[in-house]
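Contents: one structure, followed by commentary.
Read-outs: derived from the displayed coordinates by stated rules, not from any lab. The shown structure was predicted, so the numbers you read here are calculated from the model rather than taken from an experiment. Positions of Cβ are backbone-derived with ideal geometry, glycine not excepted, and every protein chain shown enters the neighbour counts.
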């Protein structure tokens, strides 16, 4: 039992703040979907889709910069 526990303690657990493309793409996808349905409701095709998509792009870049800043700060400390 002790050998199993020490082997389990030595396994690498991935960090929760890893930089993956998925979290950067979700704001763009969500903005495009919400914008599309708002366009259907208000009959303003394609303007709200474009505006919401661009807001998603801005949100994705903002999060990217924030995550990279935090990553640099953690690496300087260690």
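Tabulated results
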quantity: Burial ranking of peptide ranges 45-58, 63-76 (average Cβ count within 10 Å, highest at the top); calculated: 45-58, 63-76
quantity: Normalised contact order of segment 21-77, rounded percent, pairs of Cα under 8 Å and 6 or more residues apart; calculated: 39
quantity: Dimensionless Rg over Rh [segment 21-77; C-alpha; Kirkwood]; calculated: 1.23
